[in-house]
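Notes follow once the structure below has been shown.
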Amino acid sequence: MEKEVYQGYRDLKVFQMSYQLALEVHELTKAFPNEERFALTDQIRRSSRSIPANLAEGWKKRRYQKMFISKVIDAAGEAGETEVWLDFSKDLKYISENKHQELIKKYDEVNRMLFGMIDKAHKFCR
């Protein structure tokens, strides 16, 4: 079985997917009401962006497996937070039920990849 070689965090599928999701969330929130600008819009943008940011930070700390795992756990926490903000967005009728389901499905996949990284941290750490 061939071992995957990662040149950097940008090579990680979970980084690429979470980065694209953060961009998608950003675009989606442009249509949110102005009254949400410093509340829901800001929160969901921050949490969605924190996922790839934590992955990048964890990658740079992968010399220390516990630090790497900690940052990946932080990324998973941010994914969970983003899902809650998506729930609010749906229930407040800022996004459709279909868009909500589509995004939740993608964040479920991100979470599966993150927890897979945690379970196999030794494969990513030096």
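Let's see how each residue does on (1) of a type outside the set (S, T, N, Q); (2) farther than 23 Å from residue 101 by Cα:
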| site | (1), (2) |
| --- | --- |
| 22 | yes, no |
| 43 | no, no |
| 54 | no, yes |
| 61 | yes, yes |
| 84 | yes, no |
Checking the structure you have, find out if any residue of the range 32-49 is within 21 Å of residue 119 (Cβ to Cβ), at pLDDT 95 or above, in a helix (DSSP H, G or I) and not polar (S, T, N, Q).
no
Exactly one condition in (1) under 18 Å from residue 25 (Cβ atoms); (2) part of a loop (DSSP other than H, G, I, E, B) is not met by residue 82; state its number.
(2)
Count of residues meeting criterion [more than 17 Å from residue 43 (Cβ to Cβ) and either hydroxyl-bearing (Ser, Thr, Tyr) or touching a Lys or Arg at 6+ places or on another chain (Cβ under 7 Å) (or both)] in the range 60-106:
10
Does residue 86 meet the test of being touching a residue at least 40 places away in the same chain (Cβ under 8 Å), under 24 Å from residue 36 (Cα atoms) and surrounded by fewer than 15 Cβ atoms within 10 Å (Cβ to Cβ)?
no
With 101, 65 as the choices, which residue is in contact with a Cys (Cβ under 7 Å, 6 or more places away or on another chain) and at pLDDT 95 or above?
65
Going by the conditions given, is residue 62 part of a loop (DSSP other than H, G, I, E, B) and either among the charged types (D, E, K, R) or touching a residue at least 60 places away in the same chain (Cβ under 8 Å) (or both)?
yes
Only one of 99, 120, 66 is surrounded by 15 or more Cβ atoms within 10 Å (Cβ to Cβ) and not aliphatic (A, V, I, L, M), namely 99
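The values are calculated or read from the model by the stated rules, or taken from the named source; none is laboratory data. Quick caveat, the model's predicted, so the values are computed rather than measured. Glycine also receives a Cβ, built like all others from the backbone with ideal geometry; neighbour counts cover every protein chain displayed.
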